[in-house]
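Undergrad: Provided herewith is a single structure, encoded as structure tokens, for subsequent inquiry.
Computed from the coordinates by the stated procedures, all read-outs in this text should not be read as laboratory data. Note that this is a predicted model, so its numbers are computed, not measured. In this analysis, Cβ positions are derived from the backbone assuming ideal geometry, glycine residues included, and neighbour counts consider all displayed protein chains.
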2 protein chains.
Amino acid sequence: MDPNKNLITDINALFLGPKSENGDFFKDVLINCVNDHLYWRKDFHPEDDPIISYMEKEQPSYKEIQDKTRRVLDSLSSKLRETSAPWHSPRYLGHMNSEILLSSILGYITAMFYNCNNCAYEGSPATTPLEIEVGMDLAKLLGFDANKAWGHVTCDGTIANMEGLWYARNISSLPFAVKKLKPELVAGKSDWQLSNMRVDEILDLAGKLQDIWKEVRNNSVTGLGVDEKQLGKWIVPQTKHYSWVKAADVMGIGLQNVIDIQVDDHYRMDIDVLEKTINGLIEKQIPVLGVVAVIGTTEEGAVDHLDKVVALREKFEKEKGVSFYIHADAAYGGYGQAIFVDENGKFMDYDVCVKRLHDDGLIDKDINWPTTDIYNAYKALAKVDSITIDPHKMGYVPYACGGIAIKDKRMVDFISFFAAYVFEAGVMSPMLVGSYILEGSKAGASVAAVWVAHQLIPLNVTGYGRIIGASVNGAHKFYNLINKTKTLEINGKKVRFEALTDPDFNIVDFAFNPEGNTDIEVMNNLTLQIWQESSATGAPILKKDFVTSHTELTHDDYGDAPKDMAMRLGITADQWDKVGSIRVLRSCVLSPYFGNPKVTEQYWDDFLDNMKMKLAKLLK
Amino acid sequence: MDPNKNLITDINALFLGPKSENGDFFKDVLINCVNDHLYWRKDFHPEDDPIISYMEKEQPSYKEIQDKTRRVLDSLSSKLRETSAPWHSPRYLGHMNSEILLSSILGYITAMFYNCNNCAYEGSPATTPLEIEVGMDLAKLLGFDANKAWGHVTCDGTIANMEGLWYARNISSLPFAVKKLKPELVAGKSDWQLSNMRVDEILDLAGKLQDIWKEVRNNSVTGLGVDEKQLGKWIVPQTKHYSWVKAADVMGIGLQNVIDIQVDDHYRMDIDVLEKTINGLIEKQIPVLGVVAVIGTTEEGAVDHLDKVVALREKFEKEKGVSFYIHADAAYGGYGQAIFVDENGKFMDYDVCVKRLHDDGLIDKDINWPTTDIYNAYKALAKVDSITIDPHKMGYVPYACGGIAIKDKRMVDFISFFAAYVFEAGVMSPMLVGSYILEGSKAGASVAAVWVAHQLIPLNVTGYGRIIGASVNGAHKFYNLINKTKTLEINGKKVRFEALTDPDFNIVDFAFNPEGNTDIEVMNNLTLQIWQESSATGAPILKKDFVTSHTELTHDDYGDAPKDMAMRLGITADQWDKVGSIRVLRSCVLSPYFGNPKVTEQYWDDFLDNMKMKLAKLLK
């Protein structure tokens, strides 16, 4: 059996298809689910009469409402078709969007009829258990111990990140409450040592406080409010999502307590700089509240050296008695973990994994991915305290559906509205999801959408690994084709064509510059103009030949990381130093079709023709 | 024309119907919307070949995925039908749930295919403008000036409440930043006066700081983190939703800075206690950060005297130079405003309104609703700073869909990630919704669901007023029937049957107690047992005859407010003082059908028979 053929077949059955190839199948299942619901209504006390009579439905006022309903829906449908981005087509290589799973759309719709609210079990007897299940799926996928971990669905990655910071902030304040209430439990520890207890030590300490938990809460940040002296610094890479800035504001810790770490030329947090920064803080006796590493940055898809961050924490703990919380922001890259996990849930050894990816046709043999850097970063996820992972990104389910997993479910006590030990208090208590998380009311339907996806597609190399593998493979093919091209002939002149970096995941950033132009503003303006003609906004979407997104890489945000790209494009070092900003086109290659060799070839040719045409027009 | 008849007809056309009476119409429109999407896919570059071939679809591996998809969806559908609450039936009078609008389900589904993300305009060219429109609908409904106000959809009421507190906290810290950076602008003001500037004064002040906004932010709570000394107290009624406790923790202000105000015997915040509390704080020179009034409490549907809170602020401003932020938590009751607003968007005069409600058949003539208390509270919404209003509650749209409206859009600068004056910077900027709110990624589909509802159903007495009027009317009929009954004969013994209060909105709490029993625990246990047999959880849902929810009213939470109810049930004052807790059954009468006279009669009889049967069994 040709595994490559098999792979393509499977993936294609999971989506509606760029030409609605699976539309009839979709409608067939849809109508079954709708009928299930309609008959269920009738079957709740069949003896109850209908309330609406057939005669009533013939009344003009009734017909009027129906007519208006049709007209409003038609109007909504027109608006959507007029301007929506064509994510279903391989011509769309823009934002972090693509086809979503046909089964998840159906799951969402099916559950929506029952309008479950996962805030409390009584509002969602069917979908709360599914959330517990899905949360554990995520925790296990990421390598956490299923007996200790917990996870749940959030409305998005921003809220999941905020929840991560909420955990870190509240946990860090506990030792100071203990010092006040039960000093004997932390006898001999200085304030500095209280600020540097390991998360698991603090959780053990909390275990001794069950009887006075309310008092403990009242004497920690929950009760007292933020106390900057105890807090310490929250360290993030320069490539962080802006939700981290928002979170620092919302959580009351303040932007002055957030430190950005310079990234290297691969847009990964520079671990030497991180180490120096922490050493600098130690010298001033300023605690580190926590460190965030990003698995799949928003603009570059970069994967931070999470393994090195974890190793650094171990080193600091051992050598200096300094510890801190680690949160992995894997909102984007989290589901990528499935590529490394085999059918038995084992994180494969490196060589085994690479061979498997080649043998199964997930990654082409001429593509050097995953490197050991990427592999090691993913492997380290199991060692962090909390992880953001969004099903509505690489889980291919509809918005809004983010998620968070935590290594140790005892952490929930620190943010829960209820008394300590929510998971011990009774069978029902873990079902009151709204009391243990940042949000309150939440759609059971979005949980159902993920549940259906997880039931259908294993969270390992045979399932999600195949879809995400196809996406990563597609991105690398795109990158390799750019590198193979390098120069275009436009109106008789040479134009440079460069990609930002070898993708860590599935984003390819690129730009063009006419040979001889050293003016960074001219180049940036060209990129802007190309984007304006390739944007999902503006002119009629149905006429766009290729749709992408763009981003600006500035010195303010990234230091000199983008300088190399600028220089490869022919910009002088002086110009970079002066302007300090390059604009690039940004293609998130999420399309499940782009990995298909026939598709890549066809769409690459179209893409190149389209770019040449645009450049010819713009450089006239 | 009989307006009552017309009313019933109209409402009935808006929902699927308790017996799926509108199921065929629904499926017809649904398939149109699905086809629109499927053909749109095909019409994006018709010249592109399909990627999935007909042959491929015949492959066993393809069929296998399809088979598994059907099986997983069947399994989801079974789970949902096995345990979901039958909200579509008038037999369900439990949690804040009922039928949702047929048109909104269709709107959600239609938009979901395009998977819009309203975080940024590029991800949602179709649905971001709808969110701006829907946000303004809410702001206008609540009485805000359309030229100054703003509003948006949130994932839920908890996040909307948090955003309200975020506004209050950040705005209150600005004067202190100004004192540091431009002392001349606040010359002569003491710290006490800086803590007591009016919101509009602070917004005007912010207007003079545009050029140094980044510095201002860095020197306010956003940059510095929470400073308890500047903060002041956040005042809420005892009946507050627990999201306010969560919000105080998340926002870093601490529970010690939250003050609960005793409620009166109508479960409304006691304004005298509020005034005394504020005077007490003034004596100690502790500022008031803000006051929350609830329009529709979660457990009782009580409507706080918002007008008196607003009047109190005016009085304090005038007499003592003391001001504070006011947030109305109208998550539940917000859409009820439509009852008071006429076709021209005018908040009707009291007499005009009452006559209109009777003439249009919204409220029966023998029902004394709205009282002037309720009327005045709603009228005062226009005067507060921010309001939580959830479309997924009385807007009858699917989860998850909360909302918030603010009186003055200049407030957005205080929580926005970007520089000041987001609304002035350019046409596009208000479209970057994710940068001005607490959440990030968010479903355009949930916005579409509200938009469709607002297009179809006017936000006034002719539209939503009719639906919500029917709900309020139904609740009062239920309450009146309880009062008419008062005593049941069970096994030859009398059983008292009492409701908590005359409903301010549409919740009726009630309980039973056998004549002669003075033991509060016995009574509470009886209520618990009735609930266990009437709960949406537990035994097979399709066999339940009546479904309700329950709640506990304790002295800890409510002081002596529940004592009157206990005594009416035959419990002695001593018992109340000793135990301090009564359990009640809680019926949120959201059902759009319960107002229909024929329906009320039939289901009341069924309900009463059912209760008698349960009591007979339990009191044997």
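Undergrad: Using a 10 Å cut-off on Cβ to Cβ distances, tally the other chain neighbours for every residue of B:28-37 and report the average as a whole number.
TA: 6
Undergrad: What does the charge add up to near A:PHE316, with Lys and Arg as +1, Asp and Glu as -1, over the other residues with Cβ less than 11 Å from its Cβ?
TA: +1
Undergrad: At a Förster radius of 22 Å, what calculated FRET efficiency corresponds to the Cβ-Cβ distance of B:ASP227 and B:LYS276, to the nearest 0.05?
TA: Efficiency, from the Cβ-Cβ distance: 0.20.
Undergrad: At a threshold of 8 angstrom on Cα-Cα distance, excluding pairs fewer than six apart, so keeping six or more, what relative contact order does the range A:149-454 reach in percent?
TA: Over the range A:149-454, the number comes to 23 percent.
Undergrad: Any idea how far apart A:LYS617 and A:ASP359 come out in nm if each label point goes 7 Å out from Cα toward Cβ?
TA: 5.0 nm
Undergrad: In nm, what does the list of distances from A:GLU283 to its counterparts in the other copies look like, shortest first, when each label sits 7 Å along Cα to Cβ?
TA: Shortest to longest, the spacings are 5.3 nm.
Undergrad: According to the square roots a ≥ b ≥ c of the eigenvalues of the Cα gyration tensor, what is the shape class of chain B, taking rounded for a/c under 1.5, prolate for a/b larger than b/c otherwise, and oblate for the remainder?
TA: Oblate is the answer for chain B, as a/c is 1.5 or above yet b/c matches or exceeds a/b.
Undergrad: So, with +1 on the Cβ of K and R and -1 on the Cβ of D and E, and no other charges, what is the size of the charge dipole of the protein assembly as shown about its Cα centre, to the nearest 20 debye? Let's see the in-between values first.
TA: Numbers: 132 positive and 170 negative charges, 80 e Å.
Using only the charged Cβ atoms, the result is roughly 380 debye.
Undergrad: Also, quick follow-up: Could you pull out every one of the lysines with an alpha carbon less than 16 Å from that of B:LYS494, ignoring same-chain neighbours closer than 8 positions?
TA: The reachable lysines, counting only those whose Cα sits under 16 Å from B:LYS494, are B:LYS484, B:LYS486, B:LYS612, B:LYS614, B:LYS617, B:LYS620.
Undergrad: Quick check: net charge around B:THR462, other residues with Cβ under 11 Å of its Cβ, Lys/Arg +1 and Asp/Glu -1?
TA: Net charge around B:THR462: -2.
Undergrad: Calculate, for A:ALA311 and A:TYR350, the FRET efficiency according to 1/(1 + (r/R0)^6) with r their C-beta to C-beta distance and R0 22 Å; round to the nearest 0.05.
TA: Using R0 = 22 Å, I get an efficiency of 0.80.
Undergrad: Using a label point 7 Å beyond Cα on the Cα-Cβ vector, give me the inter-copy distances for A:GLU215 in nanometres, one decimal, shortest first.
TA: Distances between equivalent label points, in nm: 4.9.
Undergrad: In the protein assembly as shown, what percentage of the DSSP-assigned beta bridges are antiparallel, given to the nearest 5?
TA: On the way: 64 of 97 bridges.
Around 65 percent antiparallel, to the nearest 5.
Undergrad: Quote the relative contact order of chain B in percent (integer), defining contacts as alpha-carbon pairs under 8 Å separated by 6+ residues.
TA: The value is 21 percent.
Undergrad: To continue, here is another question. Once each part is reduced to its C-alpha centroid, what is the distance from the range B:323-345 to the range A:303-376 in angstrom?
TA: So the separation of the two Cα centres works out to 51 Å.
Undergrad: What is the calculated FRET efficiency for B:SER53 to A:ASP545, with r their C-beta to C-beta distance and R₀ = 22 Å, to the nearest 0.05?
TA: Computed FRET efficiency for B:SER53 and A:ASP545 comes out at 0.40.
Undergrad: Let me know the shape class of the range A:228-329, please: from the alpha-carbon gyration tensor, a ≥ b ≥ c as square roots of the eigenvalues, rounded when a/c is under 1.5, otherwise prolate if a/b is greater than b/c, or oblate.
TA: oblate
Undergrad: Here is a further query. Just from its helices, what would the mean residue ellipticity at 222 nm be for chain A, if runs of 4 or more DSSP H residues each count -39500 (n - 2.57) and the sum is divided by every residue, rounded to the nearest 500 deg cm²/dmol?
TA: Values: 23 runs with 276 residues, N = 620.
Result for chain A, helices only: -14000 deg cm²/dmol.
Undergrad: So, in nm, how far is label A:GLU64 from label A:ASP373 when the simple model puts each one 7 Å beyond its Cα toward the Cβ?
TA: Placing both labels 7 Å beyond Cα along the Cβ direction yields 6.7 nm.
Undergrad: Exactly which trypsin sites (Lys or Arg not before Pro) in the range A:263-362 are in a DSSP loop and have at most 14 other Cβ atoms within 10 Å? Don't skip to the end; give the middle numbers.
TA: On the way: sites: A:ARG268, A:LYS276, A:LYS284, A:LYS308, A:ARG313, A:LYS315, A:LYS318, A:LYS320, A:LYS346, A:LYS355, A:ARG356; in loops: A:ARG268, A:LYS284, A:LYS346.
Answer by residue number: A:LYS284, A:LYS346.
Undergrad: For chain A, give the share of DSSP beta bridges that are antiparallel, in percent and rounded to the nearest 5; count only bridges with both residues there.
TA: On the way: 32 of 49 bridges.
Among the beta bridges of chain A, antiparallel pairing accounts for roughly 65 percent.
Undergrad: Magnitude of the Cβ-charge dipole of chain B, K/R +1 and D/E -1, about the Cα centre, nearest 20 debye?
TA: Computed about the Cα centre, the dipole is about 580 debye.
Undergrad: Please label the shape of the range A:149-454 as rounded, prolate or oblate, based on the square roots a ≥ b ≥ c of the eigenvalues of the alpha-carbon gyration tensor (a/c under 1.5 means rounded; beyond that, a/b larger than b/c means prolate, else oblate).
TA: It comes out oblate by the Cα gyration axes.
Undergrad: Another question, if that's okay. With respect to the cross-link table entries A:LYS179/A:LYS379; A:LYS182/A:LYS409; A:LYS63/B:LYS365; A:LYS42/A:LYS63; B:LYS276/B:LYS393; B:LYS393/B:LYS578, which display a Cα-Cα separation exceeding 27 Å? Kindly include the intermediate steps, with their values, before the conclusion.
TA: Numbers: A:LYS179/A:LYS379 37 Å; A:LYS182/A:LYS409 24 Å; A:LYS63/B:LYS365 29 Å; A:LYS42/A:LYS63 23 Å; B:LYS276/B:LYS393 34 Å; B:LYS393/B:LYS578 37 Å.
Check vs 27 Å cut-off fails for A:LYS179/A:LYS379; A:LYS63/B:LYS365; B:LYS276/B:LYS393; B:LYS393/B:LYS578.
Undergrad: Restrict the search to the range B:472-508; then list the trypsin sites (Lys or Arg not before Pro) that DSSP places in a loop and that have at most 16 other Cβ atoms within 10 Å of their Cβ.
TA: Sites meeting the loop and neighbour criteria: B:LYS486.
Undergrad: Further question: Spit out the partnerless Cys residues in chain A, using Cβ distances under 4.7 Å as the pairing rule.
TA: If one checks each Cβ against the other cysteines of chain A, A:CYS33, A:CYS116, A:CYS119, A:CYS353, A:CYS401, A:CYS588 turn up with nothing under 4.7 Å.
Undergrad: Rounded to whole angstrom, how close does the nearest chain B beta-carbon get to the axis mapping B onto A, and which residue is it?
TA: That would be B:GLY252, 1, residue then distance in Å.
Undergrad: Still on this structure, please answer the following. Go through the range B:53-159 and name the chymotrypsin sites (Phe, Trp or Tyr not before Pro) that are in a DSSP coil and have 14 or fewer other Cβ atoms within 10 Å of their Cβ. Let's see the in-between values first.
TA: Numbers: sites: B:TYR54, B:TYR62, B:TRP87, B:TYR92, B:TYR108, B:PHE113, B:TYR114, B:TYR121, B:PHE144, B:TRP150; in loops: B:TYR54, B:TRP87, B:PHE113, B:TYR114, B:PHE144.
Here the sparse-neighbourhood loop sites are B:TYR54.
Undergrad: At 7 angstrom along the Cα-to-beta-carbon line, where would the label on B:ASP200 sit relative to the other copies? Give the distances in nm, shortest first.
TA: In ascending order, 5.9 nm.
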